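Contents: one structure, followed by commentary.
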Amino acid sequence: MDKIRISRLSKKYGKVLAVDSVTLAVEDKEFFSLLGPSGCGKSTVLRCVAGLEEPSEGEIYIGATRVNSSVDGINVPTEIRPIGMVFQNYAVWPHMTVHDNVAYPLKLKKLPKEIIETKLKDALHTVGLERLSDRYPSQLSGGEQQRVALARALIKEPEVLLLDEPLSNLDAKLREQMRFELKDLQRRTGIPILYVTHDQAEALAMSDHLAVMNAGRIVQVGTPDEIYTRPADRFVADFIGLMNFVPGRILSRIGEEATVEFLSGHRLSVLDRSGLSGACLVAVRPEDISLSPTGPIRCRVEVRSYGGHLVDYKVRADGAVLRVQTAKTEVYKEGEELGLAVQQAILFAARES
Amino acid sequence: MTATHFDRRYLLMAAVGVFVSLIVIYPLWQVLFRSFLDAGVLSLKSYQKVFSYPSYYRALLNSVWVSCATATLCMVLGTLLALLVIRTDLPFKKTLRTLLVLPYALPSFFAAIAWIQVLGPQGYLARLVLQVFGFATVPWSIYGAGGIVFVLTVHYFILVFITVAGALERMDASLEEAARASGAGTSQIMRQITLPLVLPAIMAGGLLAFIGALANFGIPALLGMRARFFVLTTSIYYALAIPDFGLATALSSMLVLVALLTMALQFGIQRGESRFTVISGKAVHPSELKLRSLRYPLFLLISAVVVFISILPILSMVLTALMRYWGAPLSAANLTLQNFIYVLGFETAQRAIMNSLFLAGVAATAAMFVGTVISYLHVKARLKGSRALDFFATIPYAVPHTVIAIAMILAWAKPPVSLYGTLWIILVAYLAVYLPFAVRTTNATLQQVHDSLEEAAKASGAKLFPRLRDIILPLARPGMIAGWILVFMPALRELTVSILLYAYHTETIGVVVYNMQDAGYREIAAALASIVMGLLILGNTILRKLTGGVAGF
């Protein structure tokens with residue numbers, strides 16, 4: 001059963017349409033991300049689920065409960081929704097100790113003291129904060145405050161966990177580490193998570209499913225692999241990972257195989273189900289281009305940069321500059337004349353104008 | 001789960017709305033309404049009266065020219081002092097600044113009393129001048145227009161000083177450095193770069209001084225009435241003594257109109273200034289101007305000014321309190337503590353101290369409480385209609401206190417609810433007077449509390465009252481304490497409202513000091529004033545410590 005179901009959700013601020021008819025569902029035990037550039041409306045969707053914003057239109061269910069319905073005038077207050085939430089700036093209350101911050105949701109439920117203490121111990125253990133229970137937030141690092149916020153959100157045993165860019169204030173190293181911890185925590189607790197981020201690497205690494213949003217709309221929903229290998233449109237292709245775009249023309253099609261011709265006259269056959277014809281845009285991931293002295297398309301290495309586990313090139317071929325990433329076993333010099341081969345590509349309709 | 005969940009915040013807003021209506025909107029409406037009423041019918045008779053009797057329309061003109069003169073002098077004095085104290089390498093600048101701001105922590109009618117002691121016919125300085133130069137009488141008079149403008153200027157120049165000092169501190173030093181690099185000398189830079197850039201601040205400060213002078217009662221009352229020189233506030237006092245409510249309300253409405261016009265102008269200048277991008281919010285520590293050979297002469301000059309306007313009046317007040325009788329020759333034999341002993345044992349004074357403590361304490365607590373609720377609804381919850389609530393609660397800021405006192409008489413001194421002659425009518429007036437200050441402090445405090453802190457409480461399952469109790473109020477507490485003191489201190493020494501509303505047994509400290517002074521018991525008045533002065537300076541120091549120098553003077 002779906003733990004969160006959103007149908008035709010819209011949110012207007014004055015005349016600005018921040019969220020435009022969004023529909024999505026988060027299953028039980030699922031890690032679901034909303035991914036998009038800043039201002040795309042992803043946080044607004046999350047805040048509508050939390051009840052912190054009232055939708056202009058649409059319905060939201062959490063579990064079996066309808067928490068929002070514009071038609072029936074339902075807007076359940078945040079405080080009685082079965083949610084846990086973690087904010088971008090953690091929102092750990094500075095005047096309370098870690099203990100009091102995390103215990104607060106249970107105190108509100110007026111549970112007996114012993115039960116609160118037992119659950120508190122569990123929650124602090126889950127996030128690894130047992131030792132810091134008596135500290136104040138000002139004595140904690142960003143990562144530790146993050147865990148306090150997480151424990152506070154989990155302790156009331158909500159039906160869903162809502163996370164609003166929780167990692168964006170951490171430094172790069174800690175962010176990587178927290179990705180795994182979050183994923184692991186979700187496995188252990190089995191709690192469904194709705195996760196908002198603008199960081200595509202984060203979304204790809206953690207999600208079971210993700211929805212890519214742009215300008216208030218959902219552009220594509222899928223697994224990380226689907227989104228990466230089969231982007232629905234040019235926006236997704238560009239936003240997720242690195243992508244080269246080269247103009248071309250579709251010459252012919254046999255079944256699912258299309259033959260594309262570049263401006264230089266080089267031809268390429270591409271697996272494609274788009275049904276496009278005529279002018280098109282060929283999208284190629286940097287790792288789907290291979291370099292060799294004998295490659296079919298002549299090119300010249302313009303810039304080479306060392307990327308640790310790989311080597312990053314900018315090469316010029318027939319007037320176009322392409323980004324290429326190869327294993328470090330093959331290293332070419334700047335200025336070297338080579339050939340390149342395209343392993344696979346995706347076709348999109350040509351740019352208007 | 002029911003389909004609709006009643007939002008308790010609207011309940012809170014309704015309660016506060018009723019409160020603001022009762023203490024602000026209804027009383028002020030009464031003033032306006034009454035000014036157009038004659039024997040129960042609408043008429044312009046009261047206004048006709050104002051403009052057909054020279055003594056009344058002269059009061060209006062006097063108010064305007066006295067305030068204009070004060071504002072002009074304040075702009076000159078305040079700007080000069082701000083330039084010297086902020087932008088030059090004068091020694092002991094911090095101390096100078098603290099001392100310059102000190103007199104503003106004391107009530108203006110204390111200043112009037114002190115300056116009467118210094119410059120009045122038998123004043124300390126007057127006697128000194130007579131002795132030294134052998135004049136028969138001193139060539140000035142503290143009673144009358146000149147004295148009023150002088151004391152108003154000494155009291156209100158600080159408003160210009162503070163706004164200009166703030167602008168100078170926020171000004172980007174590179175603007176002046178660029179002028180220097182272009183070949184301009186110090187005086188050219190001052191005239192062509194610095195002054196034009198801080199001109200909006202000078203104007204804004206000048207208008208604040210204008211409003212202060214316009215609304216002031218204590219100074220023209222103590223220095224003007226004796227010389228039959230009336231301004232609007234003292235005319236209103238006079239009209240109430242007749243009593244002629246039509247006349248009093250007509251004069252009040254005109255006073256409010258002038259104040260509102262000035263305030264609108266000031267608001268316009270501030271908005272204009274915010275478009276002035278060169279004066280940014282950040283402090284950039286502008287370079288100091290080197291005074292070189294002028295450094296010590298100017299320091300001596302400023303020290304003399306500081307001693308004259310800040311220290312002399314306070315010394316004079318304490319000295320008078322210690323004198324065996326007013327006008328006694330200055331000698332150790334004539335010094336005594338008996339005035340203090342008398343005042344502390346004097347029943348009316350004791351009662352007044354208790355009354356003032358009660359009024360100030362209750363007014364500060366209630367104003368901060370209501371202010372916090374209004375700020376919460378406006379700044380945090382952002383409910384529909386909360387903006388209007390905030391606006392109405394801030395209205396009394398623009399209304400001179402004399403007018404607020406009249407409003408309370410009109411609204412709450414007639415059946416079925418007659419509070420006249422009780423402490424409650426003064427309390428209601430204090431609530432109206434100090435609510436704007438409370439709301440401003442709590443607005444600023446709650447703006448510092450990030451929205452997500454309350455949202456996290458909601459997500460934790462906290463309803464409205466637990467949220468306020470556990471999260472919002474504890475986080476706002478430091479600001480609320482500072483705000484409480486900020487209301488308590490002026491309320492403790494308040495004169496204008498209580499002089500119009502007091503009755504036997506409901507005197508305040510201000511009323512007793514004023515009446516003692518007026519009846520000629522100057523050394524007794526000075527003793528009580530000295531005690532209050534000590535308390536105020538102490539309170540101010542605590543406030544500055546508490547807020548790290550942000551609040552207080």
Practice problem: Pull up region B:47-84, narrow it to residues that are hydroxyl-bearing (Ser, Thr, Tyr) and free of Cβ contacts under 8 Å to residues at least 24 places away in the same chain, then point me to the one that is farthest from residue B:153 (Cα to Cα). | Solution: B:52
Quiz item: Would you say residue A:113 is of a type in the set (D, E, K, R), farther than 30 Å from residue A:175 by Cα and at the interface with chain B (Cβ under 9 Å from one of its Cβ atoms)?
Solution: no
Exercise. Out of A:247, A:293, report the one residue that is over 22 Å from residue A:236 (Cα atoms) and in contact (Cβ under 8 Å) with a residue 12 or more places away in the chain.
Key: A:293
Self-check item: Pairs, first under 23 Å from residue B:162 (Cβ atoms) in region B:174-198, second small (Gly, Ala, Ser) and outside any helix (DSSP H, G or I), C-beta under 9 Å, six or more apart
Solution: B:176/B:184; B:176/B:287; B:193/B:184
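Take region B:77-119 and flag every residue that is assigned to a loop (DSSP other than H, G, I, E, B) and crowded, with 22+ Cβ neighbours inside 10 Å.
Just the residues of region B:77-119 that are assigned to a loop (DSSP other than H, G, I, E, B), to begin with: B:89-92, B:106-107.
Within region B:77-119, B:106, B:107 meet the criteria.
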Practice problem: Can you tell me which residue among B:66, B:18, B:76 is touching a helix residue (DSSP H, G or I) at 6+ places or on another chain (Cβ under 7 Å), on the phi < 0 side of the Ramachandran plot and of a type in the set (A, V, I, L, M)? | Solution: B:66
Exercise. Only residues that are surrounded by 19 or more Cβ atoms within 10 Å (Cβ to Cβ) and of a type in the set (Phe, Trp, Tyr): list them for region B:483-520, please.
Key: B:484, B:488, B:502, B:514
Quiz item: What are the residue pairs meeting all of these: first residue in region B:444-465, first residue within 19 Å of residue B:484 (Cα to Cα) and more than 7 Å from chain A (Cβ to nearest Cβ), second residue among the basic types (Lys, Arg) and part of a helix (DSSP H, G or I), Cβ atoms under 7 Å, and 6 or more apart or on different chains?
Solution: B:446/B:380
Quiz item: So which strands (runs of 3 or more DSSP E) stay within region A:134-221 end to end and still have 1 or more residues that are under 17 Å from residue A:88 (Cα atoms) and within 16 Å of the chain's Cα centre (by Cα)?
Solution: A:160-164, A:193-197
Quiz item: What pairs come up if the first residue lies in region B:235-260 and is free of Cβ contacts under 8 Å to residues at least 40 places away in the same chain, the second is buried (at least 22 other Cβ atoms within 10 Å of the Cβ), and their beta carbons are under 6 Å apart, counting only those six or more places apart or on different chains?
Solution: B:239/B:247; B:239/B:248
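Answer yes or no as to whether residue A:55 is within 13 Å of another protein chain (Cβ to nearest Cβ) and either assigned to a helix (DSSP H, G or I) or on the phi < 0 side of the Ramachandran plot (or both).
Details: within 13 Å of another protein chain (Cβ to nearest Cβ): no; either assigned to a helix (DSSP H, G or I) or on the phi < 0 side of the Ramachandran plot (or both): yes.
In short, no.
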Self-check item: Selection from region A:14-54 of residues that are out of contact with any helix residue (DSSP H, G or I) (no Cβ under 9 Å at 6 or more places or on another chain), surrounded by fewer than 19 Cβ atoms within 10 Å (Cβ to Cβ) and not acidic (Asp, Glu)
Solution: A:14, A:15, A:16, A:17, A:21, A:23, A:25, A:38, A:39
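Residue under question is residue B:229, and the condition is that it be assigned to a helix (DSSP H, G or I), within 30 Å of residue B:518 (Cα to Cα) and in contact with a helix residue (DSSP H, G or I) (Cβ under 7 Å, 6 or more places away or on another chain); does it hold?
No.
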Quiz item: When residue B:143 is evaluated against the numbered criteria (1) part of a helix (DSSP H, G or I); (2) under 22 Å from residue B:510 (Cα atoms); (3) of a type outside the set (A, V, I, L, M), which criterion, by number, is the only one it fails?
Solution: (1)
Quiz prompt | Hits in region A:62-102 - residues which are assigned to a loop (DSSP other than H, G, I, E, B) and more than 9 Å from chain B (Cβ to nearest Cβ) | solution = A:63, A:64, A:70, A:71, A:82, A:97
Quiz prompt | Counted residues, region B:4-35 - those being under 23 Å from residue B:396 (Cα atoms), surrounded by fewer than 20 Cβ atoms within 10 Å (Cβ to Cβ) and either within 14 Å of chain A (Cβ to nearest Cβ) or touching a Ser or Thr at 6+ places or on another chain (Cβ under 7 Å) (or both) | solution = 1
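Mind checking which helices (runs of 4 or more DSSP H) fall wholly inside region B:294-354 and carry at least 1 residues that are more than 26 Å from the chain's Cα centre (by Cα), in contact (Cβ under 8 Å) with a residue 12 or more places away in the chain and under 25 Å from residue B:510 (Cα atoms)? Let's see the steps before the verdict.
Values: elements: B:295-306, B:312-322, B:338-345.
Because the criterion is at least 1 residues that are more than 26 Å from the chain's Cα centre (by Cα), in contact (Cβ under 8 Å) with a residue 12 or more places away in the chain and under 25 Å from residue B:510 (Cα atoms), the helices (runs of 4 or more DSSP H) in region B:294-354 that meet it are B:312-322, B:338-345.
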Quiz item: In region B:118-140, which residues are modelled with pLDDT under 85 and of a type in the set (Val, Ile, Thr)?
Solution: B:137, B:138
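The values are calculated or read from the model by the stated rules, or taken from the named source; none is laboratory data. Here the structure is a predicted model, which means the values were calculated and not measured. Cβ sites come from the backbone with ideal geometry, for glycine too, and all protein chains shown count toward neighbours.
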